[in-house]
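Inspection log for the structure reproduced underneath, given as structure tokens.
Just so it is clear, none of the values below were taken in a lab; they were calculated from the coordinates. Keep in mind the model is a prediction, meaning the values are calculated, not measured. Virtual Cβ from ideal backbone geometry, glycine too; neighbours counted across all protein chains shown.
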Amino acid sequence: MKGNIQLDEIVKQEGRRTDGYVHYSIKADRSKFSIPVIIIKGDKEGPTLLVDGCTHGDEYEGCEAILQMAKRLETASFAGTFVGVPALNVDAFANITRSSPIDGFNLNRIFPGNYDTYITHRLARTYLDRVVANVDAVITFHGGGDVLHLEPLVGYLPEGEVGKKSRAMAEAFNVKYRWRMTDLPFTGVTAQSYREMGIPCILPEIGSHCGRLHDREKNVQICYEGINNVMIHLGMLDEKAPEPVKDPMDIELHYIHSVNGGIQTLCKKENEIVKEGEVLGVIHDYFGNEIETLKAPWPGVVIGFWSVPVIRSCDWWYLYAKILDKDETK
Ligand SMILES: [Zn+2]
């Protein structure tokens, strides 16, 4: 039976809800490196769903949705156990940075981690052994953070039984773009470790730098409804599933980098369908000279882009996707 997560410190226990910490090191000032965990037991037997946010410290939309869902589940009838980790890399969360301010590592590049080297590696390994190993399914939230815009999408790793379950969770999450993550240009990602452990997982990317002025609540709501939809799909909530989103699109997302730094202009915006060879973006230097033009390498759709006027050399410029046929999604 999953769901039996041992906390090192309990800060609040009320009704079916327990808030507390898993510790993984003591700092020089005697405070502790900790993972904050919310556990809510349902009133019926069922699966254990883990929902985490802030693997990257500046991606807060999932975090806020976890808190809203936890509040609701304190009194709602549901089956199984809800485990919320609102700020997995809590040091990065508090510092408003993508990576750890302690050792500089990007937590989502060093999974499965280890107990023998740096503090971020220790965080990853502790999380897998003490939290993830005790759950049946995971939603791991990401977003555009402080420098990217992106349209709401949900990623999943296909192939095998776990892949099928992950794909079904991605469909249930119910946003327009579903990203088959077979083309990841990096390793050490949480979802890859979860799959090796046989645990289905989806990786929604929701909310962005640009959207926080007017769309913060809307994006948190997309995260919240996505959790709700997955809980219905897993049989944890006895509710009617929503109407599937209109015209969902299966995609293979690519990160297109700039070569040079400078002042960048976005010639194509989110959701635009682009032909091969059309200009996506241009970079000028600070004398106004054009120094780089980016053309679409193949036909596709714009999912997101670097949203700050100045881009650094070789940074992510466009999140540009190939549109997949139905038979390419498995
Ligand atoms: Zn992220």
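At-a-glance table
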quantity: Fraction of beta bridges assigned by DSSP in segment 1-146 that are antiparallel (%, nearest 5); calculated: 65
quantity: Gain upon complete extension [Asn106, Lys32; 0.36 nm per residue less C-alpha separation]; calculated: 24.6 nm
quantity: Degrees between helix 160-173 axis and first principal axis of the chain (Cα, 0 to 90, nearest 10); calculated: 80
quantity: Mean ellipticity per residue at 222 nm, deg cm²/dmol - from DSSP H runs of n ≥ 4 across the chain, formula -39500 (n - 2.57); calculated: -6500 deg cm²/dmol
quantity: FRET efficiency, 1/(1 + (r/R0)^6) with R0 30 Å, evaluated for Thr182 and Glu225 via beta carbons; calculated: 0.65
quantity: Distance violations [Cα-Cα > 25 Å] among Lys44/Lys165; Lys164/Lys326; Lys165/Lys322; Lys165/Lys295; calculated: Lys165/Lys295
quantity: Nearest 10 degrees, 0 to 90: helix 216-233 Cα axis against the chain principal axis; calculated: 50
quantity: Student exercise, the chain dipole from Lys, Arg, Asp, Glu Cβ charges, in Debye to nearest 20; calculated: 560
quantity: Cross-link reach list, aspartates and glutamates versus Lys12, counting only Cα pairs under 14 Å and skipping chain neighbours closer than eight places; calculated: Glu74
quantity: Contour excess over end-to-end distance, with Cα ends at Val279 and Asp43 and 0.36 nm allotted per residue; calculated: 79.4 nm
quantity: Projected area, mean over directions - segment 251-329, Cα convex hull, nm²; calculated: 4.9
quantity: Positive-end residue of Val274, Cys314, Gly262, charge dipole of segment 228-325 with Cβ unit charges; calculated: Gly262
quantity: Normalised contact order of segment 254-328, rounded percent, pairs of Cα under 8 Å and 6 or more residues apart; calculated: 39
quantity: Charged-residue dipole, Cβ positions (Lys, Arg, Asp, Glu), segment 254-328 about Cα centre, Debye nearest 20; calculated: 100
quantity: Computed FRET value (nearest 0.05) for Lys269 with Lys326, which takes r as the C-beta separation and R₀ as 25 Å; calculated: 0.40
quantity: Theoretical FRET efficiency, 1/(1+(r/R0)^6), r = Cβ-Cβ of Met197 and Val310, R0 51 Å, to 0.05; calculated: 0.80
quantity: The chain, relative contact order in percent, only Cα pairs under 8 angstrom and at least six apart counted; calculated: 15
quantity: Options Ile96, Ile39, Val85, ranked by Cα towards positive dipole end of the chain, top entry (Cβ charges); calculated: Ile39
quantity: Relative contact order (%) - criterion: Cα under 8 Å, at least six apart; region: segment 1-113; calculated: 24
